[in-house]
1. If contacts are Cα pairs under 8 angstrom and at least 6 residues apart, what is the relative contact order of the stretch 196-279 in percent?
2. Subtracting the Cα-Cα distance from 0.36 nm times the residue separation, let me have the gained length for R157 to A289 in nm, one decimal.
3. Hey, with R₀ at 35 Å, roughly what FRET efficiency would D217 and S172 work out to, going by the Cβ-Cβ distance, to 0.05?
4. Give me the extension gain from K272 to R133: residue separation times 0.36 nm, minus the current Cα-Cα distance, reported in nm with one decimal.
5. In what sequence, highest mean first, do 308-316, 201-209 appear when ranked by Cβ atoms within 10 angstrom?
6. Using the Cα centre of the stretch 143-278 as the reference point, and only Cβ charges (+1 on K/R, -1 on D/E), how large is the resulting charge dipole? Debye, rounded to the nearest 20.
7. For T51 and S281, compute 0.36 nm times the residue count separating them, minus their Cα-Cα distance, and round to one decimal in nm.
8. With +1 on the Cβ of every Lys and Arg and -1 on the Cβ of every Asp and Glu, and nothing else charged, how large is the dipole of the stretch 268-336 about its Cα centre, in debye rounded to the nearest 20?
Amino acid sequence: MQASRGREIEGGEPMATEASRHGGRLRAVAIVVLVIGVVGVLLFKWITVATPISKSQALEIFEEDNEEAGSQKIARHLRGQGRDKSEARGPRLGRGRENAREQTRKAGGSNSSSSQDPASSGAAPGFLTMPIRSVPEEGVYTYLTDGSEQMNGQGFREFPDRTYRNVVHTGSRSWTEHHVLLEERQMWSSFSVDGTSQVLNWTRQVVEFGGPIADQDETFDFEPPLRLWWLPWTSGRTWEGEWTSSNEDGESYGTYEVTTTDHGYLGIGDEKVEVWLEEISFVSHGHIAGTVEVKRWTSPEYGIAVREEFLGDVKKGPLTYETEYSVELTALEPAR
């Protein structure tokens, strides 16, 4: 008597074969879920990668910054003077930028103040108890850092507890500051001074979270430049202004307001230094939209911000970038 075979389903395959196929489908689903999980983990790690740099690396970057600044000096950034746009953007910016459109200014000028200009009022600089160093010393400054950033509510990452800022002179009264929070998060700023003011000419922000969309490299070339402090320092003085910035990606425009809110002393290393606090509110519309709030403690004697606090929430198309962090200088003398 022949061994019985599996009972066949009418018009189909044996039951054993159908069970085998069902098991194969389950295995295929399990494999797909596993692959998706692995890819998700790798993608999350990719977009949240955070690479701090060492002080020796910061010194190497400083040499590169200095060499590039020497080959293409940034000069004539002072408000009211003509500016060569190719110089104003700095040697590391890449991507040619268009000139900002002509700004429609308010009556009375682009910067207004709630207090009288000291140059016209004849006010003596009695609020300045130490001589001011207009341009900070060149070198690598170390900052204690605390804070984080995220893109579209994802890819949250914290900054390392020590970050580095390179100061490079680009003229007799101008310089750039290149702050490396992470290899994936860097910023450049161009400053200059005249007899009564320090101004911000342009700033470049680089944020890398992975992929062509989440990797952003944006430059604001302010027209006119933003006045960050005003001599003589006076608690309670407020001033404001408007600005525009254009490049091949689009145009941004907005307003800013600065108030000198406090005067005192901070301990930096083994030294207690005089500082003035400016609170800056920055609003942007257009290509880049959002707000940035900054508190900035400046040392008149050393000409540098010894402490800063940042709170930013900006949007570009479908992307939303949020950050909150503080930095405080560890030593007044930079490394070289």
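1. Details: 153 pairs, mean separation 19.0, N = 84.
The normalised contact order for the stretch 196-279 reaches 23 percent.
2. Numbers: separation 132, 0.36 × 132 = 47.52 nm, distance 2.23 nm.
Between R157 and A289, full extension yields an extra 45.3 nm.
3. Values: r = 30 Å, r/R0 = 0.85.
E(calc), rounded to 0.05, equals 0.75.
4. Details: separation 139, 0.36 × 139 = 50.04 nm, distance 1.65 nm.
Going from the current span to full extension adds 48.4 nm.
5. On the way: 308-316: 16.8, 201-209: 21.1.
Most protected by this proxy first, the peptides run 201-209, 308-316.
6. Numbers: 9 positive and 25 negative charges, 97 e Å.
The dipole of the stretch 143-278 has a size of about 460 debye.
7. On the way: separation 230, 0.36 × 230 = 82.80 nm, distance 2.97 nm.
Extra length available between T51 and S281 comes to 79.8 nm.
8. Details: 7 positive and 14 negative charges, 76 e Å.
The dipole magnitude comes to about 360 debye.
Just so you know, all these numbers are worked out from the coordinates, no wet-lab data involved. Note that the structure is predicted; figures quoted are calculated from it, not measured. Note that we place each Cβ from the backbone using ideal geometry, even for glycine, and neighbour counts take in every protein chain shown.
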